[in-house]
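Notes follow the structure.
The values are calculated or read from the model by the stated rules, or taken from the named source; none is laboratory data. Just so we're clear, the structure is a prediction, and the values are computed from it rather than from any experiment. In case anyone asks, the SASA skips ligands and DNA or RNA and just uses the protein heavy atoms, side chains included. Shrake-Rupley method; radii C 1.70, N 1.55, O 1.52, S 1.80 Å.
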Amino acid sequence: MVVNNFVVFEGGDGSGTTTQLELVRQRFEKEARERTLPLLWTTCEPTDSVIGALIHSALRGSITLRAETLARLFAADREEHLFAENGVKDRCSRGELVISDRYALSSLVYQGIDCGDALPKLLNEAFPAPELLFFFDIEPEIALGRIENRPVREIFEYLDFQVKVRERYKALLPWYEEQGTVIITVDAAKMPNVVVEDVWKELKNLPIMIKGSGAF
Ligand code: TYD
């Protein structure tokens, strides 16, 4: 079973998921001036909760955590993101469109590299699958080149790791497909304003975008 109206962006570091979320939001607002569209909630994982803040400290290297602890924190953050009042589940079921920059597949991919498949699988198997998932595919060398001038380098932002990330995404995408999620692989090496059109082309065909707002 998938959560209708729930869309997820996934990809390696520097693949542009955050930039695309902002561009899609702008595209959506422009379109909403001309026709009735549902309410849109753009969100991300790690979230801006206290658990998310702890995760960000670990990603920046300000605190050191065991890989297993980090896996559990991502899952705890996700639990709140999904099931808290006004979280993803609530909003999708009342007819909002929710787009999240990263979700459970990030844990299966990233934490799977550091602590093996079993724990991330166990921690994430109860989270429902999204209706639509975009995988932003790009050569890790190009992706890392895009983010090398950021002031802080995070713990996963190095080439060997990102090569594994890309391989694991490709290997694990069928896991979601089996659950009914529609997977769209986007060529993320293209210019951002071109990529957003590729995303929009798919997004605009979601049932909620055609029917407008209202739960169904
Ligand atoms: P962040 O700086 O928030 O965003 P991004 O790099 O996507 O713009 O980084 C999130 C990092 O956390 C990124 O390296 C992926 C990683 N991550 C996991 O390892 N597991 C997870 O479950 C999630 C959601 C993210």
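Based on DSSP H segments of at least four residues, each scored -39500 (n - 2.57), the chain has a per-residue ellipticity at 222 nm of -14500 deg cm²/dmol. According to the Cα-based calculation, Rg over Rh for the chain is 0.95, with Rh computed by the Kirkwood formula. Think of a 1.4 Å ball rolled over the protein heavy atoms: segment 82-131 then has 36 Å² of accessible area per residue. Between 15, 49, 100, the Gaussian network model of the chain with springs among Cα atoms under 10 angstrom shows the greatest mean-square fluctuation at 49. Atom-type composition of the exposed protein surface of segment 2-211 places 52 percent of the accessible area on carbon and sulfur (1.4 angstrom probe). Computed with a 1.4 Å probe on the full set of protein chains, the accessible area for residue 102 sits at about 40 Å².
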